[in-house]
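Notes follow once the structure below has been shown.
The values are calculated or read from the model by the stated rules, or taken from the named source; none is laboratory data. Small disclaimer: the values here were computed from a predicted structure and weren't measured. Here the Cβ is made from the backbone with ideal geometry for all residues, glycine too, and neighbour counts use every protein chain on show. Please note that ligands, DNA and RNA were not included when accessible areas were found on the heavy atoms of the full protein model with its side chains. Shrake-Rupley method; radii C 1.70, N 1.55, O 1.52, S 1.80 Å.
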Amino acid sequence: MLRAFTTLKYNYRRATRKAGIICFVFLVQGILYPQQSFDFWGRVQSVHNSNFRLNGLESNASNFYAGKDWEISSLFSSAGKNGIKTNLYSISLSKRLGDHYFYTRFTPGYAEEFVFNSGIQVILKEPVRVETQLQKKIQYSEELGFGYSYRINPSFSVGFSMRYFKQNFSEDIPSPVLTDTLNFISISNQSTNSNFWRGDLGFTYNITPSISLAVTSLNLIIAEENPASSDWENYSLKKRKGVTAGISGSFLKNSESFLGVESNGNFIVGLNYTFQLANSNITFGFQSFHDINQTPFFAGIMPSINYSTRLFSITFGGVKYFEDRNKERLVSELTASGIDNLLNSKFSTDRIFASVNLALSLTQEQLVKIDDVTINTEIYPALSEKYILEPIATAKVTNISDKLITIRPACLIPGLNREKFFSPYVVIEPGKVSTIPFYTIVDEPKFDIKKREIKQAVFSIEVDNEIEDEIKKPILVNDWNAWDGNVANLKFFVKRDLDYSANYAKDILTRNNTKIKNAMSELVIFEKVKLLFENIFTKMLYVADRRASVDVVQFPSETLNLKGGDCDDLSVCFSSILESIGIETAFVDYRNDEAIYHVNLLVNTSLSTDQLSLMTKNDKKVVIRKNEVGKDEIWIPLEMTSLKDFSTSWSVASQKFQTEAIEQLGLANGKVHIVDLK
Amino acid sequence: MKRNLLMALSLSLAFLQLVLVSIMLVVLLSSCSEPAPTQLVDDPTSSNVKVEIIADRPGVFVYTNGYDSTGILQPVLDRSTFISVCGIKNTNYGKRATDDFYFTQFSDKNNPILSRDKKIIGFTGVNMGEVRFNNQSAQLGVNKLKFHDNRNGNRWDIDTVVGLNYYFCSKQINPSQPGKFPYNASINFKLDQTKMMGPMKEIFQFEIPTPVEVIGKVKFHGSASQRNLKVDLEWNGINIGDIEVVLGLFNSKALPYPLIRLIGSDNGKITIPKPIVEKLVADGTKELLVTFIRKKVKEESREFFKDNYIVAQSIHNIKIQLP
């Protein structure tokens, strides 16, 4: 504890689990239940803001809410009768050990005192005749309390509490003093005590993550140290047995409603609303209560407001009774109805309260944990856009708390990300395991990944901007040109250099503008394709990929600069050139039984079938495909590794397509695929 | 670096929060004060009992009147005119079941009787004429003043005559016959000075209203040995005015003397305060004379009777044995 006090560093990272932060959290605690379980903290506790322990012995013996490690709490209140008097009402200390929860408190303010005439007046004669009214005095107080609760599972907890009450009855006694020379009445004070312990049991059951039920006994066990004498029996605190049940639910976003009923007919209703402000919560609470011994039907209201952060919580509130509480009360009212609760009875007055809560936690409660992370894919940096839509990894995450938790997954791959990349929020029910996807993106151009290597990716989950758990997993990151062999992913290489390709294409087209202008309007696209092929690829060389464990694809800019490549390099390059100027292309993926593949290109001439003769008389040199609106268009295949001239490239590709895709039913049997870029 | 800045900011904020809350705590703690108790008021139907020691100076005064413990014949009655008419009922006590007693004293307050220590212990009674009660003539009697005189370390009982008074009583031989005292009616008082020497030649006459007869009883609950003895005094309450109950002891000569007076509402019940019962038991008191007194005081404004005390009393003496 001393070391904790001297350490001031606060580490928000859950993963390090440093216990250096020391902060005092005085907790506002207590779910307000009617009458016997009337508390002074207002209806501010909510599943939406519960960083602090908000249950008290008055409300539920199974106090297993948001309690964390060590916690200290205190409450001040002031009453309005006979002027404002402020005093310390309660100090408590609690400790959570796994599923066990221990609680103790000292309650100097839980007291009520009454003074009234004893019914005897003493007439004193000396030195002057005077009539002295003798009085009786009653002091009730609750001195201390203990509680223990055990969480059987995230939905159910049980507990018990013991509270110690003191009653002091005193009265002025007229005692005759009889002597031979002088007789007189001496007034002395006689006092007796009647103390007792009160024990209760209770349980809390979370029906759903947002609805909970709590049931507590009232005065189940009464152990009296010394029963009150018959003279004072009628003035003793009432120990009527009963049961109180309360149900609270979060039916609207950020709000919680509550209804509590006692077996004698008392009840209380309340609701609160929480909104977040930066890293803090502000909760407005309101409740009203009915007491069979108080008037009117709703005896009073209790508004409250709470501001809480992880470090502290402040609550202000008050109790306003609708009846005039400053009027005179009769002794017979005390004996008739008695007092069940020292904090709330017909003799209580309007009051305000303020509580300052600071948490003293050496460890922070973990709400969720990562069970395991599965890496779904190795990283191909060129396919960066893909990893925004398809998770690179999934994790099994368990909500180990007893409330609904919203987590935010994040992933950081050193060398690939400048900062961690957040994935969408996920809500997990208490006790449930959820599969969480992690997405990523490649930050460029800062990173220049030239070699394939294994990186330690850091997968973390955050709750309220605090890291709850973190795990590292190795992930294979390929170099920039790596390709997973999926022809559909060649589009990422195509799109990567569109600007470069556009400039390159436009430059060539500009220089050959006359030819394009002289071409038939229907054949402009065809002419452009032919022009670009002739100007670019007839000057290139076929170069096979280097020996590598993975395929590599050159980006169009690289192919253009290197002036060579293999089939996928050249197809990607020409596709990029054409796509950059608005000419639609598609890849043709040829695979044989030995998994050796070949890729060439299909180019959309935008000609309709009745315009075929403008281009060729051989209909086997074209591929007819329907466009988006269902109209047939003429596509021409191009073999990009045939770099002699455009006609040869077209003929070779047509021949291959006709043979393998059509005659050998390649399209039908899956050995030939046409892969569009969209 | 950005992260370090953030952490520093967070630490600063945390420290500031700690300071703010500490200040608040100090303010709250320093303003602590105990709440005042709640004062409850008496029920309208409840009544107080006044307790008074009658025989407060036994070393000086002789409180017994030789008859009962009513104490009506107080040693010092600082009135010029004192007229008392009493209807008396006795239970387990005395020679007669009922009695009545009529008494008058005219005191010369210019002639006080002083004790050795210069305290007024009485006045000289004077003859003011013929006194009649319901036309029955009261006889003149000597006004004896009894007191203790402590001299040379010894107590002397002094019995001195200090003037005259008037008295009249009717004696009932047969206890079964009701007394003649007219309860809840009136008694005619007449002072005839016509036969007196001197200038006083007047006749004064007026009615003295009498109270409803009081009939009391004493009930015991519990026992002295178990220290839970409770003594209830009950009577036929009329819910008007007050009632007096005098608790009297018996001296060594078996004469009763008044010790404690209880005054309460005339509602039919008084419980002797427990400490008084416990004291009597602790002192070994075996017998007690409980006297119920219902009074009716007459206001008389005539000059002749200024400084007067005219009272009609219904008295019920009950002798009890403490259990």
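Scanning region A:89-112 for residues that are at the interface with chain B (Cβ under 9 Å from one of its Cβ atoms) and either in contact with a His (Cβ under 6 Å, 6 or more places away or on another chain) or open to solvent by less than 30 Å² (accessible area, probe 1.4 Å) (or both) returns A:G109, A:E112. Take B:A254 and tell me if it is of a type in the set (A, V, I, L, M) and either free of Cβ contacts under 8 Å to residues at least 12 places away in the same chain or exposed (fewer than 15 other Cβ atoms within 10 Å of the Cβ) (or both). Spelling it out, B:A254 is indeed of a type in the set (A, V, I, L, M) and either free of Cβ contacts under 8 Å to residues at least 12 places away in the same chain or exposed (fewer than 15 other Cβ atoms within 10 Å of the Cβ) (or both). Name the residue that is most open to solvent (accessible area, probe 1.4 Å), counting only residues in region A:510-524 that are in contact with a Leu (Cβ under 8 Å, 6 or more places away or on another chain) and assigned to a helix (DSSP H, G or I). Ranking the qualifying residues of region A:510-524, first place goes to A:K515. May I ask you to list the residues in region A:537-569 that are free of Cβ contacts under 8 Å to residues at least 60 places away in the same chain and touching a Ser or Thr at 6+ places or on another chain (Cβ under 9 Å)? If the condition is that a residue be free of Cβ contacts under 8 Å to residues at least 60 places away in the same chain and touching a Ser or Thr at 6+ places or on another chain (Cβ under 9 Å), then A:T559, A:G565, A:D569 are the ones that fit. Look at B:Y309 and say whether it is more than 14 Å from chain A (Cβ to nearest Cβ) and not aliphatic (A, V, I, L, M). So B:Y309 fits the description; yes. Would you check if A:A223 is open to solvent by 30 Å² or more (accessible area, probe 1.4 Å), aliphatic (A, V, I, L, M) and on the phi > 0 side of the Ramachandran plot? So A:A223 does not fit the description; no.
Exactly one residue among A:Y164, A:Y150 is open to solvent by 50 Å² or more (accessible area, probe 1.4 Å) and aromatic (F, W, Y), and that residue is A:Y150. Across region A:554-577, the qualifying residues are those that are in a loop (DSSP other than H, G, I, E, B) and under 16 Å from A:S501 (Cα atoms), and the one among them that is most open to solvent (accessible area, probe 1.4 Å) is A:K563. Filter region A:226-237 down to residues that are open to solvent by 20 Å² or more (accessible area, probe 1.4 Å) and either modelled with pLDDT of 85 or more or not in a loop (DSSP other than H, G, I, E, B) (or both), then give me how many there are. Number satisfying all stated conditions: 5.
Scanning region A:651-676 for residues that are outside any helix (DSSP H, G or I) and of a type in the set (K, R) yields one hit, A:K671. Being open to solvent by less than 20 Å² (accessible area, probe 1.4 Å), of a type outside the set (S, T, Y) and facing chain B (nearest Cβ under 9 Å) is a property that holds for A:I138. Evaluation of A:S613 against the conditions (1) under 51 Å from the mean Cα position of the chain (by Cα); (2) at pLDDT below 95; (3) part of a helix (DSSP H, G or I) shows that the sole unmet condition is (1). Annotation note: Cβ proximity below 7 Å between a residue of region B:39-59 that is under 24 Å from A:T181 (Cβ atoms) and at the interface with chain A (Cβ under 7 Å from one of its Cβ atoms) and a residue that is basic (K, R) and surrounded by 15 or more Cβ atoms within 10 Å (Cβ to Cβ) (sequence gap 6+ or interchain) occurs for B:E52/B:R261.
Scanning region A:401-419 for residues that are in contact with a strand residue (DSSP E or B) (Cβ under 8 Å, 6 or more places away or on another chain), at negative phi and surrounded by fewer than 18 Cβ atoms within 10 Å (Cβ to Cβ) yields A:T406, A:P414, A:E419.
Checked against the criterion of being out of contact with any Asp or Glu (no Cβ under 8 Å at 6 or more places or on another chain), open to solvent by less than 30 Å² (accessible area, probe 1.4 Å) and either modelled with pLDDT of 80 or more or away from chain B (no Cβ under 14 Å) (or both), the candidates A:V115, A:V158, A:V130 yield just one match: A:V115. For region B:273-306, a residue qualifies if it is touching a Lys or Arg at 6+ places or on another chain (Cβ under 8 Å) and within 12 Å of chain A (Cβ to nearest Cβ), and the qualifying residues are B:K274, B:V277, B:E278. Against the conditions (1) over 30 Å from B:L280 (Cβ atoms); (2) in a loop (DSSP other than H, G, I, E, B), B:R227 satisfies every one except (1). When the test is whether a residue is aliphatic (A, V, I, L, M), open to solvent by less than 20 Å² (accessible area, probe 1.4 Å) and out of contact with any helix residue (DSSP H, G or I) (no Cβ under 9 Å at 6 or more places or on another chain), A:L252 does not pass it. Applying the criterion of at least 3 residues that are more than 14 Å from chain B (Cβ to nearest Cβ) and modelled with pLDDT of 90 or more to the strands (runs of 3 or more DSSP E) found wholly in region A:178-225 leaves A:196-208, A:211-218, A:221-224. Checking every residue in region A:593-606 against the condition of being farther than 26 Å from A:D499 by Cα, out of contact with any Cys (no Cβ under 6 Å at 6 or more places or on another chain) and modelled with pLDDT of 90 or more gives zero matches. When region A:588-634 is limited to residues that are among the charged types (D, E, K, R) and touching a strand residue (DSSP E or B) at 6+ places or on another chain (Cβ under 8 Å), the one that is least open to solvent (accessible area, probe 1.4 Å) turns out to be A:D589.
If the condition is being polar (S, T, N, Q) and either assigned to a loop (DSSP other than H, G, I, E, B) or open to solvent by less than 10 Å² (accessible area, probe 1.4 Å) (or both), then region B:257-274 contributes only B:N267.
Filtered by the rule that a residue be of a type outside the set (K, R) and more than 29 Å from A:Y110 (Cβ to Cβ), region A:129-172 gives A:V130, A:E131, A:T132, A:Q133, A:I152, A:N153, A:P154, A:S155, A:F156.
Of all residues in region A:259-303, those satisfying the criterion of being open to solvent by 70 Å² or more (accessible area, probe 1.4 Å), over 22 Å from A:I247 (Cβ atoms) and polar (S, T, N, Q) are A:Q276, A:N279, A:T295. Looking across region A:404-421 at every residue that is of a type in the set (A, V, I, L, M, F, W, C) and more than 14 Å from the chain's Cα centre (by Cα), the one that is farthest from A:F251 (Cα to Cα) is identified as A:L416.
Among the residues making up region A:474-509, those that are of a type outside the set (D, E, K, R) and assigned to a loop (DSSP other than H, G, I, E, B) are A:N478, A:W480, A:N481, A:G485, A:N486. For region B:275-310, the set of residues classified as crowded, with 19+ Cβ neighbours inside 10 Å and among the aliphatic types (A, V, I, L, M) consists of B:I276, B:V277, B:L280, B:L288, B:L289, B:V290, B:I293, B:I310, listed by residue number.
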